[in-house]
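One structure is given below, encoded as structure tokens.
The values are calculated or read from the model by the stated rules, or taken from the named source; none is laboratory data. Just so we're clear, the structure is a prediction, and the values are computed from it rather than from any experiment. Cβ: placed from backbone, ideal geometry, glycine included. Neighbour counts: every protein chain shown. Surface areas here come from the heavy atoms of the whole protein model, side chains and all, with no ligands, DNA or RNA. Shrake-Rupley method; radii C 1.70, N 1.55, O 1.52, S 1.80 Å.
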Amino acid sequence: MPEKLLNQQMRNLFIALIFIFSSTYLFAQNAIPTPESHFGFVPGTDRMLFNYDPLIDYLKKLENVSSKIKTEEIGVSPMGKTMYVTFISSEKNINNLEKLKKINKELALNYNLSPEKYSEYVKEGKVFFLFTLSMHSTEVGPTQALPNIAYGLLKATDKKTLDMLDNVVYMVVPNHNPDGMDMIVNHYNKYKGTKHEGSSMPGVYHKYVGHNNNRDFVALTQSDTRAIANLYNKDWFPQVMVEKHQMGSRGPRYFISPPHDPIAENIDAGLWNWMKIFGSNTITKMTDAGLTGIAQNYLFDDYWPGATQTCIWKNVIGMLSEGASVKHATPIYIEPNELSVIGKGLGEYKKSINLVEPWEGGWWRLSDLVEYETVSTIAYLETASLHKEEILKFRNEICKKEVNKGLNEAPYFYIFPKEQHDQSELVNLVNLLDEHGVNVFELTKDLNIKNTIFKKGDVIVPLAQPFRAFIKEVLEKQVFPARHYTPGGEMIKPYDITSWSLPLHKGIHVYEINENPEVFQGNFSEVKLPYSLYNPAINDYNSVILSAQNNNSYKAAFKALEIGLNVRQLQEPYLDYPVGSFVIDKSKNINQVLDEINFTPAYVNQKINLKTRELKLPRIYLLETYFHAMDAGWTRFIFDSYHIPFKTIKPTDVKSIDFEKNCDVLIIPDESKSALINGNYNSNGSRYFLKYPPEYTKGMEQKGFEKILKFIHNGGKVVAWREATELFSGVQNYSINDKEKEEFEFPVKDVSKQLVKDGFSSPGSLLRIKLRADHPITYGMPDEIGVFHRSGPVFRTWQPYFDVDRRVIATFPEKDILLSGFIENEEKIGNKTSIVWMKKGKGEIVLFSFNPQFRASTPVSYKLLFNSLFL
């Protein structure tokens with residue numbers, strides 16, 4: 001064949017292939033499947049919900065036919081579901097995601113950008129706007145709206161939307177809590193068509209923590225929390241974020257930023273101002289679309305880290321939205337005179353500057369929620385597009401500003417001595433700071449500053465970092481930013497907790513350096529990550545000793561017991577190892593134990609001739625109601641994390657359980673007495689109506705509780721805290737047999753109600769308690785610690801009678817009780833009791849006035865719980 005003819009045929013073939021590929025591409029772009037074609041209904045339809053997997057399948061289906069969307073894995077949920085982030089933008093942006101990701105990081109972290117690079121990144125970069133949806137799984141609207149939003153953006157051909165997608169990358173986590181999403185949808189479908197349609201789901205909508213997943217963004221204990229926090233801490237560095245929630249049904253239809261007072265004082269003014277810009281544009285667009293009942297500056301404050309909006313401490317313009325709920329997907333009807341507000345920005349449900357167009361009442365449907373979510377999402381994206389260059393400039397300017405503050409304003413450094421009471425928690429703290437994107441260093445030589453000696457290897461955290469606001473927020477002690485409705489008038493109450501200081505919550509000693517920063521410059525280097533103080537044995541050994549001062553010693557001890565190793569506990573000190581420390585003999589499985597520790601144990605090569613007691617793995621039952629028992633869930637998480645085996649039981653199980661045969665320790669986490677006994681909630685003589693199917697609203701009844709009392713009398717142990725302690729107060733009785741009853745008295749009473757009437761208040765603060773020395777409950781503990789405490793309970797004890805005894809294990813000091821947070825009239829609880837040990841017959845009871853494992857964020861008090869298991 002002549003070469004000229006061959007070349008012509010090749011060109012023709014090439015043109016034909018281009019035509020085929022182009023036609024396929026154009027067909028694909030025009031063949032984007034509708035949500036209805038995939039799910040079988042239009043999302044938002046009354047009484048219809050889709051599950052997590054079909055949602056992800058739809059997003060992947062869109063990716064197969066459109067070049068404007070990409071979905072990536074970001075982690076795994078606590079129950080093993082893959083979590084994703086989806087990007088929707090112009091085709092060019094999707095193809096350049098890695099380059100844009102690099103620009104994001106440079107703008108977020110590089111405070112030494114050259115003017116040329118700065119201009120280049122601002123010009124070429126895009127605004128990444130992160131949306132996280134429906135973390136509280138009963139709040140279904142944001143996730144159910146996503147398919148409609150994605151379809152609309154991908155199908156759009158108008159110039160305004162295309163220009164927006166060229167400037168902005170819509171970055172969305174389809175569902176923040178995949179496990180809970182499926183639980184709620186399955187529960188709704190189970191009862192759909194019955195009178196219990198739209199009822200509350202029994203249990204927590206998460207493997208562990210339920211609604212409290214929005215309280216985990218400092219401690220980062222849950223895998224789903226970590227997956228999302230990593231997006232803005234260390235991976236994609238979006239410039240803007242909104243967490244989409246739902247709220248109650250009888251007030252405004254929608255809340256958008258800015259928040260109400262109080263606000264966090266460590267946050268730069270620019271971030272609050274940007275929230276106002278986004279909120280103002282969004283409410284304008286929503287009102288123009290005919291949507292009413294939208295509130296701003298209402299109810300939701302922003303003074304504490306822990307929610308997803310913890311990103312604002314990382315220089316992200318972070319916001320919250322809240323839509324009015326329906327009964328999952330079942331419509332509700334609201335009479336106009338039922339509409340009300342709670343205060344904090346709205347004193348009455350009427351037209352005002354914070355509610356410019358009230359909703360008038362009537363039917364409220366999931367489709368309404370979906371419409372509000374859709375319009376607000378587009379409004380947010382349009383605002384980001386309109387201010388694209390300003391937002392990108394702001395991201396780098398605030399980075400430089402925070403670094404300069406760290407160089408020129410106190411505090412300059414936080415220093416953690418390597419020698420700590422609990423070395424394992426120092427290690428955990430360093431690694432947690434790294435997860436948060438904080439740079440951590442160690443001293444390279446000894447330094448003597450005003451007679452304080454800092455040693456080589458001590459951990460030092462400089463505040464001259466882009467995330468300075470976060471570092472300062474979580475390493476200093478908290479002082480609540482008290483604000484008032486009127487000068488000298490009522491204080492605006494905290495929305496949630498008032499203390500989150502990581503050193504205090506972990507029991508770690510820290511120095512705040514407020515002067516002479518130049519002494520430290522050049523005398524530190526980066527720590528090796530992951531950080532550890534563990535050193536393997538150099539020589540042969542027979543046993544290891546793990547100090548009771550370290551939380552991770554308990555993790556290792558429980559692991560050793562779990563795999564069948566012999567574990568003994570010192571009953572007298574050995575060198576620097578206190579009473580209560582663990583002795584574990586070397587065996588072929590010892591490495592499984594050593595893998596659990598992050599500090600160096602004592603390797604002992606001779607026989608230990610000391611008084612010890614042999615430990616056995618306690619058989620533990622954990623009592624958990626069906627009523628979204630988050631505290632029980634946190635307890636389950638701590639037990640799983642520390643290799644503590646347990647069996648969860650419900651109040652209705654109690655009457656049929658043979659405790660004496662199958663149980664050593666019964667754990668009763670924070671729950672009201674009425675819920676445990678009667679399966680309902682009572683307050684001030686009034687009973688709350690619970691929206692659960694009736695099979696879940698039953699308690700253990702008096703007969704079941706008597707069984708627990710008999711279990712104690714015969715040698716069982718019970719550990720209870722906060723509201724559950726009311727079970728074990730005052731006069732009690734139980735049936736010895738069919739004809740006999742025994743009556744006795746637990747010599748303890750909660751006196752907090754009277755103290756509150758007298759003016760005492762602790763909304764959730766770290767309070768100082770003094771501990772009884774050398775008691776098995778306080779093994780490994782210092783003389784005093786801070787515990788996370790609310791206003792009650794507070795105990796009073798008295799002289800016991802018959803076969804009952806008591807010991808006060810912890811008291812509040814007379815003064816200087818507040819360590820971090822907020823308290824009113826602290827003197828009211830001075831010298832009052834916080835922990836009580838009681839004996840009845842052969843059994844024991846431990847009562848805590850606080851949650852010893854509060855939201856897995858108070859390791860300082862974990863050992864009190866662990867020691868109670870070994871009584």
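Details
- Stokes-Einstein D for region 588-691, Kirkwood Rh over Cα pairs, 20 °C, 1.002 mPa s (µm²/s): 124 µm²/s
- What the Cα atoms of region 58-112 give is an Rg and a Dmax of 14.1, 43 Å.
- Taking the C-alpha atoms only, the angle from helix 141-155 to the longest principal axis of the chain is near 20 degrees.
- Principal-axis tilt of helix 115-124 within the chain, Cα atoms, nearest 10 degrees: 70 degrees
- Only DSSP H runs of four or more residues enter the estimate; each adds -39500 (n - 2.57), and after division by the residues of the chain the mean residue ellipticity at 222 nm equals -9500 deg cm²/dmol.
- Violating pairs (Cα-Cα greater than 29 angstrom) within the set 285/344; 105/528; 559/661; 81/493; 60/244: 81/493
- Rounded to the nearest Hz, the phi-derived 3J(HN,Hα) couplings of region 206-215 under the Karplus curve 6.51 cos²θ - 1.76 cosθ + 1.60 (θ = phi - 60°) are 4, 4, 10, 10, x, 4, 6, 5, 8, 10, where x marks glycine and proline.
- When the trypsin sites (Lys or Arg not before Pro) in region 760-826 are filtered for DSSP coil states and for at most 15 other beta-carbon atoms within 10 Å of their beta-carbon, the remaining sites are 815.
- In terms of packing, defined here as the mean over residues of other Cβ atoms within 10 angstrom, the peptides 468-481, 350-363 line up highest first as 468-481, 350-363.
- When only alpha carbons are used to place a centre, region 91-119 and region 136-152 end up 30 Å from one another.
- Residue 649 long-range amide H proximity, modeled H, under 5 Å: 622, 623, 624
- Amide proton proximity set for residue 681, modelled H, under 5 Å, gap of 5+: 688
- Between region 501-536 and region 649-698, the alpha-carbon center distance in angstrom: 45 Å
- Gyration tensor (alpha-carbon) shape descriptor, region 476-605, a/c threshold 1.5: prolate
- Helix 423-435 axis, angle to the chain major axis (alpha carbon atoms, nearest 10°): 10 degrees
- Interchain or long-range residues, amide H under 5 Å from residue 196's placed H: none
- A simple rule links phi to the HN-Hα coupling: the Karplus curve 6.51 cos²θ - 1.76 cosθ + 1.60 with θ = phi - 60°, which for region 861-869 gives 10, 4, 4, 4, 6, 4, 4, 5, 5 Hz, with x for Gly and Pro.
- Counting only protein heavy atoms and a 1.4 Å probe, the chain has 41 square angstrom of accessible area per residue.
- Cα convex hull of region 394-536 - mean projected area over all directions, nm²: 11.5 nm²
- Distance violations [Cα-Cα > 28 Å] among 207/691; 418/616; 506/815; 102/314; 314/828: 418/616; 314/828
- Distance histogram in 5 Å bins (all Cα pairs of region 441-510, percent per bin): 3, 12, 14, 17, 18, 13, 8, 6, 5, 3, 1
- Charges were assigned to the Cβ only: +1 to each Lys and Arg, -1 to each Asp and Glu. The resulting dipole of the chain about its Cα centre is roughly 940 debye.
- Sulfur and carbon atoms: percent of accessible area, region 748-807 [1.4 Å]: 48 percent
- Region 685-802: C-alpha gyration tensor shape, a/c 1.5 cut-off, then a/b vs b/c: oblate
- In Hz, Karplus ³J(HN,Hα) per residue of region 832-848 (6.51, -1.76, 1.60; θ = phi - 60°; x = Gly, Pro): 7, 8, 10, 10, 10, 9, 10, 10, 9, x, 8, x, 9, 9, 10, 10, 10
- Hydrodynamic estimate: the Kirkwood radius of the chain over Cα pairs, inserted into Stokes-Einstein at 20 °C and 1.002 mPa s, corresponds to D of 72 µm²/s.
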